[in-house]
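Below: the structure, in structure tokens.
The values are calculated or read from the model by the stated rules, or taken from the named source; none is laboratory data. None of these values were measured; they are calculated from a predicted model. All Cβ positions, glycine included, derive from the backbone under ideal geometry; neighbour counts span all protein chains shown.
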């Protein structure tokens, strides 16, 4: 599986680095865990767990390893703007409230907060019962929850708790692309102790020394070491606020912990996967947003086996095949394109949808979109009749319950209707509907930027997503899409 490359221009500016003098101060106030390979038992338990998960089931392509208050919202906002299903702590985008994709991340965040309450209850809350604050078994539970997140359909992970699970995620998905937002350790400590209530949990030095080389922010390693020592969560972990206010040289110690974690990520994680360090505190942020947004909108991301697409034919000597299945243009589609699209007449249908009513993840947005945008000029026909027994038509445009001829001419009729439309709602760029839209010069509307292959994503097809507010007919788009499709997906030359 080839995954999304998130690239932000890195910088060595002072706002994201520290001096030798500062590092000497850090090491004077803190046991510096270093960046050696992790203890074999921890590594082996991680590998053994993730080897049981089929690699093709992972949906996550992108991970921001940077901790909160390092610029994580920038990465999250740009990911959302690009149409990627993303999570940032409790925030989410492109995941419906009732979507099963969102539930696993919500449950993992809730469990992380339970662990934080075991260290120090949030104001107004009680400490969880002792059975919920035992380290034994906690690492297995976190891994199980993380597995559910990584296979849920979420594409981009940002912020807590994923920044504390970087090693696990890279072990599970070795080719996940990691962007690492950084900040000066002292500046981070200044800001982080009053964010999130200072509740970020940190492994205590005594436990880190047992594990010898783990980061202070490696959640799984600390849980496993604590379990071996038969400790409870509150005995194995402290938090940002406690370090900052209660420990001697707390400001420097907190900064040192952050610096040690940064060094661990740079020296260990960066060697194991595609990696892009980033600093948003010195660079021109608007320029960085444009660079990252432009890169994401190239959609160098594809669904692979996870989205259950038809396997691509392996024509190594044929550039067309690398972009998708090389097919003959069907007679009906060809006739629809030539007879209806060659005419300059105004299309009579604005929004068009013929297909499933949206039981799967890629189509759940259909109904909310229909309610907001469909008009008397629209055409809707849900085809999964078994799910329409108690269906009430949504308007005059809804032909789902009509007795429509199911003969051999049904496919030609489908193309004629689509070719008479300005916009077509499709499950995604990987769907048959998307390719039908290209050949009938209809502009597709989709929910994400997930293509079937890296090569196909680079063809720069023009389409709208459900995040767009205005849907404007663009003849330059339709001509570009049609010519690109013919050139790279058919046996016909433009």
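A few remarks follow.
- Residue match in segment 402-422 (condition: modelled with pLDDT of 90 or more, surrounded by fewer than 22 Cβ atoms within 10 Å (Cβ to Cβ) and more than 30 Å from residue 487 (Cα to Cα)): no
- One residue from 159, 190 being closer than 22 Å to residue 69 by Cβ and crowded, with 23+ Cβ neighbours inside 10 Å: 159
- Residue check for residue 130: surrounded by fewer than 23 Cβ atoms within 10 Å (Cβ to Cβ) and farther than 24 Å from residue 277 by Cβ: yes
Let's see how each residue does on (1) over 20 Å from residue 44 (Cβ atoms); (2) modelled with pLDDT of 90 or more; (3) in contact with a helix residue (DSSP H, G or I) (Cβ under 9 Å, 6 or more places away or on another chain); (4) not in a loop (DSSP other than H, G, I, E, B):
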residue: 124; (1), (2), (3), (4): yes, no, no, no
residue: 127; (1), (2), (3), (4): yes, yes, yes, no
residue: 153; (1), (2), (3), (4): yes, no, yes, no
residue: 202; (1), (2), (3), (4): yes, yes, yes, yes
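- Flag for residue 95 being in contact (Cβ under 8 Å) with a residue 40 or more places away in the chain and in a loop (DSSP other than H, G, I, E, B): yes
- Take the conditions (1) part of a loop (DSSP other than H, G, I, E, B); (2) in contact with a strand residue (DSSP E or B) (Cβ under 8 Å, 6 or more places away or on another chain); residue 178 misses just one of them, which is (1).
- Restricting attention to segment 47-59, the residues being under 16 Å from residue 175 (Cα atoms) and either touching a strand residue (DSSP E or B) at 6+ places or on another chain (Cβ under 8 Å) or modelled with pLDDT of 85 or more (or both) number 6.
- Test: residue in segment 34-41 that is modelled with pLDDT of 85 or more and either out of contact with any strand residue (DSSP E or B) (no Cβ under 6 Å at 6 or more places or on another chain) or part of a loop (DSSP other than H, G, I, E, B) (or both): no
- Within segment 425-470, the set of residues being more than 17 Å from residue 366 (Cβ to Cβ), in contact with a helix residue (DSSP H, G or I) (Cβ under 8 Å, 6 or more places away or on another chain), outside any helix (DSSP H, G or I) and modelled with pLDDT of 80 or more comprises 440, 441, 460, 461, 462.
- Verdict on residue 157 being within 26 Å of the chain's Cα centre (by Cα), assigned by TED's automatic domain parsing to the domain that holds residue 63 and part of a strand (DSSP E or B): yes
- Yes/no for residue 493 being under 25 Å from residue 364 (Cβ atoms) and either at pLDDT below 85 or not assigned by TED's automatic domain parsing to the domain that holds residue 350 (or both): no
- In segment 352-361 there is no residue matching the filter, namely being closer than 18 Å to residue 400 by Cα, at pLDDT 90 or above, touching a strand residue (DSSP E or B) at 6+ places or on another chain (Cβ under 6 Å) and surrounded by fewer than 19 Cβ atoms within 10 Å (Cβ to Cβ).
- Filter pass, residue 487 being part of a helix (DSSP H, G or I) and either surrounded by fewer than 22 Cβ atoms within 10 Å (Cβ to Cβ) or modelled with pLDDT of 90 or more (or both): yes
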